[in-house]
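Heads up: the structure comes next, in structure tokens.
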Amino acid sequence: MIRLLYLFLAFGADTNEETNEDVECITPLILACQCSYLRNQFNIVKCLLENDAKPNQSVANNPQHHHQHIPFRTPLVAYIKHAQERRLDMRIIRLLIGYGARISFSRGRDSVLRFLRRFQSNPHLIELLCDAAYCFHPSYIAECRELDEKTKEEIYRRATTPRTLKTIARKQIRAYIFDSPMKIRIDRAIQTLDLPDFLRRYLLFENV
């Protein structure tokens, strides 16, 4: 599969092309993320991101897909939604976040809240998602019926507790790059910063 992907890319395949199906309309990255039993899934997702696949693209209602009524989730949310508990790869989560995937604990296509039920026993995942989230909606968290009280309390605590200075700094630097009119890919922009390697890895949410 990975060799076939390299072949398509060599012939100019668009990593952000939307399928032209009325029933199921998705992008290559969303498809790679939601196929939980895909061999070499990490390498395929990595290859797509390295070739400019957009980590926040999702297919919404538009004239080309007039029968598409329900917007697809973002690639990261699609991955969490379809991942099997024993096959959840934290490397893929970190990779998507590092390339700029947006996460919220609110309403919207980038909200992970409703899809965490099977992973409530994974504190590392909850911690990572909370650290990377740009938005919390405390009342929505409190009303969520998909999670047990312990998990909701932990997420709610993180939503209402001031973050550490280094977490705030990481969020602000990434937000500045993300909102920059130059539209530089976030991983490329961070690699150009005059910082020690361990700080660049921290900004990219790599496991440091």
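The values are calculated or read from the model by the stated rules, or taken from the named source; none is laboratory data. None of the values given here were measured: they were computed from a predicted structure. A quick note on method: Cβ atoms are made from the backbone with ideal geometry, for glycine too, and the neighbour counts reach across all protein chains shown.
Out of LYS166, LYS171, LYS81, one residue alone is more than 19 Å from the chain's Cα centre (by Cα), assigned to a helix (DSSP H, G or I) and either not assigned by TED's automatic domain parsing to the domain that holds ARG201 or not small (Gly, Ala, Ser) (or both). It is LYS166. Here ARG91 meets the list (1) of a type outside the set (A, V, I, L, M, F, W, C); (2) part of a loop (DSSP other than H, G, I, E, B); (3) at pLDDT 95 or above almost entirely, failing just condition (2). Which of the residues spanning the stretch 129-170 are farther than 16 Å from SER106 by Cα and surrounded by 17 or more Cβ atoms within 10 Å (Cβ to Cβ)? Hit for the stretch 129-170 is ARG170, nothing else. Counting just the residues of the stretch 178-189 that are assigned to a helix (DSSP H, G or I) and either in the same structural domain as ALA132 (by TED's automatic domain parsing) or free of Cβ contacts under 8 Å to residues at least 24 places away in the same chain (or both), which one comes out surrounded by the fewest Cβ atoms within 10 Å (Cβ to Cβ)? In this case the residue turns out to be ARG188. Residues in the stretch 34-63 that are modelled with pLDDT under 85, exposed (fewer than 14 other Cβ atoms within 10 Å of the Cβ) and not small (Gly, Ala, Ser): ASN61, ASN62, PRO63. Kindly indicate whether any position in the stretch 118-140 is more than 28 Å from ARG201 (Cβ to Cβ) and basic (Lys, Arg). Among the residues of the stretch 118-140, at least one is more than 28 Å from ARG201 (Cβ to Cβ) and basic (Lys, Arg), which makes the answer yes.
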